[in-house]
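**Student:** Here it is: the structure, laid out below.
The values are calculated or read from the model by the stated rules, or taken from the named source; none is laboratory data. All of these numbers come straight from a predicted model, not from anything done at the bench. Please note: Cβ atoms are built from the backbone with ideal geometry, for glycine as well, and neighbour counts cover all protein chains shown. Note: areas computed on protein heavy atoms with side chains; ligands, DNA, RNA excluded. Shrake-Rupley method; radii C 1.70, N 1.55, O 1.52, S 1.80 Å.
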Amino acid sequence: MNQAFDLEQLLTDPVVAALARAEETAWFAAKPTDTPAGIDASGIDPAIVDDARLRFGRFAPWFAEHFPDTRATHGILESPLVGIPDMQEELGSRFGRVLPGKLWLKRDDSLPVSGSIKARGGIHEVLEVAERIAIAAGLMAGTDDARVLERPEVREVLSRHGIAVGSTGNLGLSIGIVASELGFNTTVHMSMDARAWKKELLRARGVTVVEHAGNFSDAVAAGRRTAEEDPSVWFVDDEASLSLFAGYSVAGARLAGQLASLGVRVDERHPLIVHLPCGVGGGPGGVTFGLKVSFGDAVHCVFAEPVNSPCMSLGVRTGLHDSISVADIGLDGLTAADGLAVGRPSRLVGEHLQQLIDGYVTVTDERMKAFVGLLHDTEGIDVEPSAAAGFAGPWRILEDETYRAAFGLDDAALANATHVVWSTGGSMVPPEEMAGYVAEGQALINEVSWR
């Protein structure tokens with residue numbers, strides 16, 4: 001961080017210049033990286049995926065008892081995958097180009113417990129910390145059913161420990177809900193972008209919420225300081241945590257199972273193209289890793305960011321990663337997509353996973369909001385603005401012939417393609433606030449430029 005760079009020289013790159021002007025952009029890797037080589041270059045052991053999956057399995061009975069919305073899946077935390085043909089047709093009409101293949105929505109907006117993609121990663125790290133403390137105290141074995149954590153002597157031990165995190169909202173929500181349920185003393189440092197209802201929900205569960213006038217990075221720095229000052233506090237680092245990353249990665253194998261159950265084929269001639277909204281990058285990075293472990297070269301992952309906060313696109317494009325912030329190119333980082341309002345990217349994802357990511361798309365707030373309105377009108381599905389960022393991606397791919405040629409996405413392959421837009425949050429949004437998102441989105445549908 002704080003690496004010196006020549007801004008004037010960086011701005012000679014047309015993509016960086018467009019990012020600085022807060023324009024919508026789309027740029028893709030020049031050539032594919034063989035998946036095994038990309039995973040090897042990441043330095044991340046694929047075994048973390050199975051390790052996290054098994055941990056979620058051990059905790060499934062505990063979740064089924066403590067969270068009613070997990071009972072139908074016997075405690076397994078997973079979201080539906082649904083086809084959205086009417087949305088596909090409507091977007092094709094508005095963009096002026098029919099999208100070959102099929103468009104699906106991965107509904108992490110309705111993921112159990114905290115209703116967002118952050119549930120996988122944040123919850124996983126809390127579970128791992130709880131196991132580690134109980135095992136170290138001699139009160140649990142590594143293969144035990146997690147309901148052992150309900151014993152009074154275990155809860156007493158956990159109550160002597162704290163969990164701290166810095167968040168724009170959804171990560172703090174997932175960690176706060178589960179950590180407090182396990183008996184941890186939990187503190188969530190939230191940036192000004194976080195919604196008031198999220199703070200109120202956490203406080204109602206006994207979580208200490210500390211509000212910061214600054215941005216996401218300020219909230220993370222405050223959380224980190226808390227842990228440094230108190231060795232009994234574990235800090236969940238959204239900028240660099242491998243445990244968070246592992247929790248997110250489980251989604252890859254789960255999606256493979258869902259597609260198989262739906263009879264959807266995925267291979268070189270039937271590509272899977274996944275469009276992932278990106279904030280700091282940990283969530284989409286972990287999901288990308290899990291998808292690559294499951295599908296190899298047959299899956300293509302594209303990150304989507306707000307034009308005012310394109311931290312991952314900026315970090316990777318310049319090669320500076322977390323040594324550059326969107327503020328360095330004159331952007332304020334403010335966006336209606338509060339979960340994506342991050343100025344500086346994850347150093348774990350940017351540096352280690354860039355060879356596994358196909359491309360980066362930026363989207364205006366107005367377009368994200370319009371997507372929210374269209375999704376409501378066509379499919380009756382309501383999400384928050386950040387969850388709609390990925391909808392531009394499929395059509396940006398159609399516009400880039402160079403990328404498609406380099407990655408083997410010819411007309412025949414695209415005709416067989418499965419596009420998955422990954423939603424991020426929405427089901428816990430208060431009804432009146434969601435109604436406001438929808439109404440604003442509907443008003444913008446005919447105001448934004450589609451072509």
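**Student:** Kindly report, to the nearest 10 Å², the accessible surface of residue 5 as traced by a 1.4 Å probe over protein heavy atoms only.
**Tutor:** 70
**Student:** Right, another one. For n ≥ 4 DSSP H runs only, could you compute -39500 (n - 2.57) per run for the chain, divide by its residues and tell me the 222 nm figure to the nearest 500?
**Tutor:** Taken over the chain, the calculation gives -14000 deg cm²/dmol.
**Student:** Stretched out fully, how many nm does the piece from residue 136 to residue 218 gain, at 0.36 nm a residue minus the Cα gap?
**Tutor:** Values: separation 82, 0.36 × 82 = 29.52 nm, distance 3.26 nm.
That pair, residue 136 and residue 218, stretches by 26.3 nm at full extension.
**Student:** Evaluate the charge dipole of the range 221-351 about its Cα centre and quote only its size in Debye, nearest 20, assuming +1 on the Cβ of each Lys and Arg and -1 on the Cβ of each Asp and Glu.
**Tutor:** Details: 9 positive and 15 negative charges, 100 e Å.
Its charge dipole is roughly 480 debye.
**Student:** Between residue 399 and residue 41, with labels modelled 7 Å along Cα→Cβ, what's the label distance in nm to one decimal, could you check?
**Tutor:** 2.6
**Student:** Hey, rough spin-label estimate for residue 8 and residue 267, points 7 angstrom out along Cα→Cβ, what's it come to in nanometres?
**Tutor:** 5.6
**Student:** Sticking with this one: Multiply the residue gap between residue 411 and residue 159 by 0.36 nm, knock off their C-alpha separation, and tell me the result in nm, one decimal place. Write out the running numbers ahead of the final one.
**Tutor:** Working: separation 252, 0.36 × 252 = 90.72 nm, distance 5.80 nm.
Separation in residues times 0.36 nm, less the Cα-Cα distance, equals 84.9 nm.
**Student:** Another question, if that's okay. Leaving out ligands, DNA and RNA, what percent of the accessible area of the chain is carbon and sulfur, probe 1.4 Å? Walk me through the numbers before you get to the answer.
**Tutor:** On the way: 8150 of 16370 Å².
That share works out to 50 percent.
**Student:** Go from 0 up to the bin containing the longest alpha carbon distance in the range 231-318, width 10 Å each, and give me the % of pairs per bin.
**Tutor:** Calculated over all Cα pairs of the range 231-318, the distribution is 17, 41, 29, 12, 2, 0 percent.
**Student:** Give me the angle, in degrees from 0 to 90, between the Cα long axis of helix 365-379 and the longest principal axis of the Cα atoms of the chain, rounded to the nearest 10.
**Tutor:** In the chain, helix 365-379 runs at an angle near 90 degrees to the longest axis.
**Student:** Moving to a separate point now. Counting alpha carbon pairs within less than 8 Å and at least 6 residues apart, what relative contact order, in whole percent, applies to the range 1-75? Walk me through the numbers before you get to the answer.
**Tutor:** Numbers: 25 pairs, mean separation 9.4, N = 75.
Across the range 1-75, relative contact order equals 13 percent.
**Student:** In whole percent, what relative contact order does the range 145-186 give with Cα contacts below 8 Å and a gap of six or more residues?
**Tutor:** Numbers: 32 pairs, mean separation 19.7, N = 42.
Result for the range 145-186 is 47 percent.
**Student:** Let me ask something additional. When the dipole is taken about the Cα centre of the chain, and only Lys, Arg (+1) and Asp, Glu (-1) are charged at their Cβ, what size is it in debye, to the nearest 20?
**Tutor:** Values: 37 positive and 62 negative charges, 147 e Å.
So the dipole magnitude of the chain works out to roughly 700 debye.
**Student:** If you don't mind, there's one more thing I want to ask. Can you pull the accessible area of residue 49 for me, 1.4 Å probe, Å² to the nearest 10?
**Tutor:** 10
**Student:** What relative contact order, as a whole-number percentage, does the chain give when Cα pairs under 8 Å and 6 or more residues apart are counted? Can you show the working numbers first?
**Tutor:** Numbers: 972 pairs, mean separation 96.3, N = 451.
Result for the chain is 21 percent.
**Student:** Same structure, new question: For the chain, find the longest principal axis of its Cα atoms and tell me its angle to the long axis of helix 170-182, 0 to 90°, nearest 10.
**Tutor:** Taking Cα atoms only, the helix is inclined about 20 degrees.
**Student:** Let's test the formula: R0 of 30 Å, r as the Cβ-Cβ distance of residue 192 and residue 69. What FRET efficiency results, to the nearest 0.05?
**Tutor:** On the way: r = 30 Å, r/R0 = 0.99.
The computed FRET efficiency comes out at 0.50.
**Student:** Working out 0.36 nm times the residue gap between residue 443 and residue 377, then minus their Cα-Cα distance, what length gain in nm do you get to one decimal?
**Tutor:** Values: separation 66, 0.36 × 66 = 23.76 nm, distance 1.17 nm.
That works out to 22.6 nm of additional length.
**Student:** Tilt of helix 47-66 relative to the longest C-alpha principal axis of the chain, in degrees (0 to 90, nearest 10)?
**Tutor:** 60
**Student:** Could you check the simple spin-label distance between residue 143 and residue 435, using points 7 Å along Cα→Cβ, in nm with one decimal?
**Tutor:** Placing both labels 7 Å along Cα→Cβ, they lie 5.4 nm apart.
**Student:** Might you tell me the accessible area per residue for the chain, computed with a 1.4 Å probe and given in Å²? Walk me through the numbers on the way to the answer.
**Tutor:** Numbers: 16370 Å² over 451 residues.
Each residue of the chain exposes 36 Å² on average to a 1.4 Å probe.
**Student:** Here is a further query. State the answer as a single residue: which of 126, 221, 138 lies farthest towards the positive end of the charge dipole of the chain, with beta carbon charges of +1 for Lys and Arg and -1 for Asp and Glu, about the Cα centre.
**Tutor:** My answer, from the dipole projection, is 138.
**Student:** What is the Cα centroid distance between the range 31-55 and the range 147-216, reported in whole angstrom?
**Tutor:** 30
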